[in-house]
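Before any comments, here is the structure.
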Amino acid sequence: MPHRTQRKSDKNPAQLDRQYIWHPFTQMQEWIRTDPIVITSGKGAILTDQWGRKYIDANASIWTNLHGHNHPVINRAIHAQLVKISHSSALGLANEPASYLAADLIQMAKLNRKRPRASDSSKKPPPPRQPELTKVFFSDDGSTAMEVALKLHFEHQRRTTPKITPRYLSLENSYHGDTVGAMSLSHSPLFHQSFRKIRFKVDRIMAPYCYRCPYNQAQAKRTDARSSRQCRWECVQQIKERIETAKRKKQPYTAFVVEPIIQGAAGMIAHPKGWLTKVARLIQKYRMQLIADEVMTGFGRTGPLIASHGEGIQPDFLALAKGMTGGYLPMAATLTTQAVFDSFLGPYDSFRTFFHGHSFTGNQLGSAAALANLKLLQSPRSTQQRKHLEDWLENALDRLWRHPQVGDIRQAGLVAGIELVKKWQTREPFPLKEQAGIRVCQALAKRGVLTRPIGNVIVIMLIYTMTKRQVDTIVAALSESIKEALPL
Ligand SMILES: Cc1ncc(COP(=O)(O)O)c(C=O)c1O
């Protein structure tokens with residue numbers, strides 16, 4: 001008689017995985033035919049599988065890891081918290097690490113405001129409004145951080161201007177998560193199309209995707225056909241017109257939702273410098289609120305700790321997740337202003353409470369990891385290393401232009417997207433069914449480099465402790481993999 005319960009040693013983890021686990025964003029019909037890489041340990045930027053094979057983690061474990069795996073400082077912080085308590089509820093109770101973390105996040109998210117000097121006679125328009133972020137609402141991941149932002153905006157708007165129905169405007173191809181609210185704010189045709197009937201309506205507007213800009217097709221070249229000097233910012237004009245039309249129809253937009261500086265899951269669409277500032281001016285002019293989804297871009301991915309600050313912009317809502325705990329534990333936060341907070345205040349029976357929360361809100365282990373992460377992140381050593389990494393990546397990526405299948409290379413800080421095309425001269429995309437991106441990533445894995453594509457775009461996301469050698473290895477392996485997987 002076989003035992004009813006399977007003993008651990010009876011099957012290897014790959015078999016058990018194929019038998020029981022349903023993986024995210026994965027065609028399981030293909031998955032169950034493959035032999036998955038089973039990760040058993042990690043150190044720094046290196047992941048090790050059950051057979052002892054080593055891989056460079058070139059997408060920072062789906063954009064979460066900052067300082068490397070198994071980092072002694074974060075390990076110690078988690079362990080020190082673990083022996084005190086792992087979790088107690090934030091409903092009706094406060095806790096130490098979450099309180100310290102909230103204070104640190106507010107400090108980190110302070111915008112260094114540059115006041116114009118009295119003697120400054122330049123005709124530059126004043127910087128857009130820069131609200132101060134004073135409150136933190138904790139949640140579990142990027143999607144929930146965005147749900148919180150959208151619900152807070154909705155309620156705040158309803159309470160402060162009851163005659164106007166809150167309406168959101170967001171960018172084409174944007175991705176803000178997979179819960180229904182976050183999906184509604186998103187416009188990813190591939191991911192969310194089949195759920196369109198359960199999403200609420202959010203209007204979509206042109207994104208500054210320069211490589212495929214319809215106003216930028218004059219001469220297909222390797223880089224943008226027109227330099228930004230020649231660009232007439234038609235994309236910003238479209239946003240302006242859309243906002244004005246909605247206002248004329250007396251259905252104004254009240255919030256603009258954006259992944260600042262670079263749109264991640266859209267295919268690493270790096271925005272041209274100045275775009276965010278121009279859009280922030282419009283938002284200010286039309287009295288809308290800015291919801292910044294910095295789930296991917298936060299914590300130094302694009303250079304500054306908060307990507308929006310790179311253009312001197314402070315949003316009304318700032319959603320943070322992924323890198324918040326250094327990529328150790330699921331935890332997220334939505335930061336907002338005193339004005340938003342105040343609109344929820346009132347006597348108990350006014351029921352102005354924000355009726356929203358999650359079981360693990362303000363979790364102690366996550367908070368302890370996040371505190372250690374922030375300390376590492378703000379150390380001069382990490383700041384310096386990130387600057388080096390940005391340069392090393394830029395130099396290494398330059399070598400990829402020689403491939404005819406490389407249409408565009410987009411880098412923002414320590415993040416890059418390499419868009420593969422049939423031929424750079426025509427910019428013709430590979431049909432998705434050809435799985436060009438997947439094939440290249442499979443070839444990369446054979447060379448000991450792990451990442452995941454977004455359609456035809458290969459993502460590189462550096463871990464902040466990587467060495468120059470590791471950066472060069474990633475890019476050299478990518479170069480070989482393009483040649484192998486996409487023969488001419
Ligand atoms: C910009 C952005 N927002 C939101 C999310 C959703 O985050 P999560 O997967 O943690 O729910 C993601 C995930 O990739 C993201 O890139």
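The values are calculated or read from the model by the stated rules, or taken from the named source; none is laboratory data. The shown structure was predicted, so the numbers you read here are calculated from the model rather than taken from an experiment. Backbone-built Cβ (ideal geometry, glycine too); neighbour counts: all protein chains shown. The area values use the complete protein model at the heavy-atom level, side chains included, leaving out ligands, DNA and RNA. Shrake-Rupley method; radii C 1.70, N 1.55, O 1.52, S 1.80 Å.
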| message | Being within 29 Å of HIS87 (Cβ to Cβ), crowded, with 20+ Cβ neighbours inside 10 Å, over 18 Å from the mean Cα position of the chain (by Cα) and within 16 Å of the ligand (Cβ to nearest atom) narrows it down to one residue among ALA333, ALA369, ALA319; which is it? | response | ALA369
| task | Check whether at least one residue in region 51-60 is free of Cβ contacts under 8 Å to residues at least 24 places away in the same chain, surrounded by fewer than 16 Cβ atoms within 10 Å (Cβ to Cβ), over 30 Å from PHE137 (Cβ atoms) and of a type in the set (D, E, K, R), and report yes or no. | result | no
| query | When both residues are 6+ apart or on different chains and their Cβ atoms are under 9 Å apart, which pairs have a first residue that lies in region 168-192 and is assigned to a helix (DSSP H, G or I), and a second that is open to solvent by less than 10 Å² (accessible area, probe 1.4 Å) and at pLDDT below 95? | reply | MET183/HIS192; SER184/HIS192
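Considering only region 411-425, I want to know if a residue exists there that is without any contact (Cβ under 8 Å) to a residue 12 or more places away in the chain and either open to solvent by less than 60 Å² (accessible area, probe 1.4 Å) or more than 16 Å from the ligand (Cβ to nearest atom) (or both).
Looking through region 411-425, none of the residues is without any contact (Cβ under 8 Å) to a residue 12 or more places away in the chain and either open to solvent by less than 60 Å² (accessible area, probe 1.4 Å) or more than 16 Å from the ligand (Cβ to nearest atom) (or both).
A quick yes/no check of all residues on (1) out of contact with any helix residue (DSSP H, G or I) (no Cβ under 7 Å at 6 or more places or on another chain); (2) in the same structural domain as ARG386 (by TED's automatic domain parsing); (3) on the phi < 0 side of the Ramachandran plot:
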{"site": "ILE32", "(1), (2), (3)": "no, no, yes"}
{"site": "ILE46", "(1), (2), (3)": "yes, yes, yes"}
{"site": "GLU96", "(1), (2), (3)": "yes, no, yes"}
{"site": "SER99", "(1), (2), (3)": "yes, no, yes"}
{"site": "ASP104", "(1), (2), (3)": "no, no, yes"}
| said: Under 7 Å between Cβ atoms, which residue pairs at least 6 apart in sequence (or on different chains) link something in region 245-270 that is in a strand (DSSP E or B) with a partner that is open to solvent by 30 Å² or more (accessible area, probe 1.4 Å) and among the aromatic types (Phe, Trp, Tyr)? | reply: ILE269/TYR209
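Take the residues of region 336-351 that are polar (S, T, N, Q) and part of a helix (DSSP H, G or I): which is nearest to the ligand (Cβ to nearest atom)? Reasoning before the result, please.
Step one: of region 336-351, the residues polar (S, T, N, Q) are 336-338, 343, 350.
Then keep just the ones that are part of a helix (DSSP H, G or I); that gives 338, 350.
Details: GLN338: 25, SER350: 32 Å.
Filtering region 336-351 for residues that are polar (S, T, N, Q) and part of a helix (DSSP H, G or I), the one nearest to the ligand (Cβ to nearest atom) comes out as GLN338.
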| Restricting attention to region 236-257, does a residue exist that is within 14 Å of the ligand (Cβ to nearest atom), of a type outside the set (S, T, N, Q) and not assigned by TED's automatic domain parsing to the domain that holds ARG452? | yes
| query | In region 131-168, which residues are of a type in the set (Val, Ile, Thr) and more than 16 Å from the ligand (Cβ to nearest atom)? | reply | THR134, VAL136, THR160, THR161, ILE164, THR165
| request: Filter region 9-47 down to residues that are over 23 Å from LEU190 (Cβ atoms) and of a type in the set (Lys, Arg) and give me whichever is most open to solvent (accessible area, probe 1.4 Å). | output: LYS43
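Would you point out which residue out of ASP49, ASP57, ASP17, ASP104 is modelled with pLDDT of 95 or more and closer than 30 Å to SER194 by Cβ?
ASP17
If you scan region 295-315, which residues turn out to be of a type in the set (D, E, K, R) and either open to solvent by less than 10 Å² (accessible area, probe 1.4 Å) or within 13 Å of the ligand (Cβ to nearest atom) (or both)? First the steps, then the outcome.
Step one: list which residues in region 295-315 are of a type in the set (D, E, K, R), which gives 301, 311.
Scanning region 295-315 gives a single hit, ARG301.
Restricting attention to region 339-360, which residues are in contact (Cβ under 8 Å) with a residue 40 or more places away in the chain and loosely packed, with under 14 Cβ neighbours inside 10 Å? If you could, list the steps in order and put the result at the bottom.
So in region 339-360, the residues in contact (Cβ under 8 Å) with a residue 40 or more places away in the chain come out as 339-341, 343-344, 352, 354, 356-360.
Once the filter is applied, which keeps residues that are in contact (Cβ under 8 Å) with a residue 40 or more places away in the chain and loosely packed, with under 14 Cβ neighbours inside 10 Å, region 339-360 yields only SER359.
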| field | Where a residue in region 295-311 is outside the structural domain of LYS322 (by TED's automatic domain parsing) and its partner, wherever it lies, is open to solvent by less than 30 Å² (accessible area, probe 1.4 Å) and more than 10 Å from the ligand (Cβ to nearest atom), with Cβ under 6 Å and at least six apart | value | none
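Would you point out the residue of region 172-209, among those that are among the β-branched types (Val, Ile, Thr), over 20 Å from ILE454 (Cα atoms) and within 16 Å of the ligand (Cβ to nearest atom), that is surrounded by the most Cβ atoms within 10 Å (Cβ to Cβ)?
Restricting attention to region 172-209, the residues satisfying the condition of being among the β-branched types (Val, Ile, Thr) are 179-180, 198, 202, 205.
Filter again for over 20 Å from ILE454 (Cα atoms), leaving 180, 198, 202, 205.
Next, from what is left, pick out any that are within 16 Å of the ligand (Cβ to nearest atom): 180, 202.
Working: VAL180: 14, VAL202: 21.
Filtering region 172-209 for residues that are among the β-branched types (Val, Ile, Thr), over 20 Å from ILE454 (Cα atoms) and within 16 Å of the ligand (Cβ to nearest atom), the one surrounded by the most Cβ atoms within 10 Å (Cβ to Cβ) comes out as VAL202.
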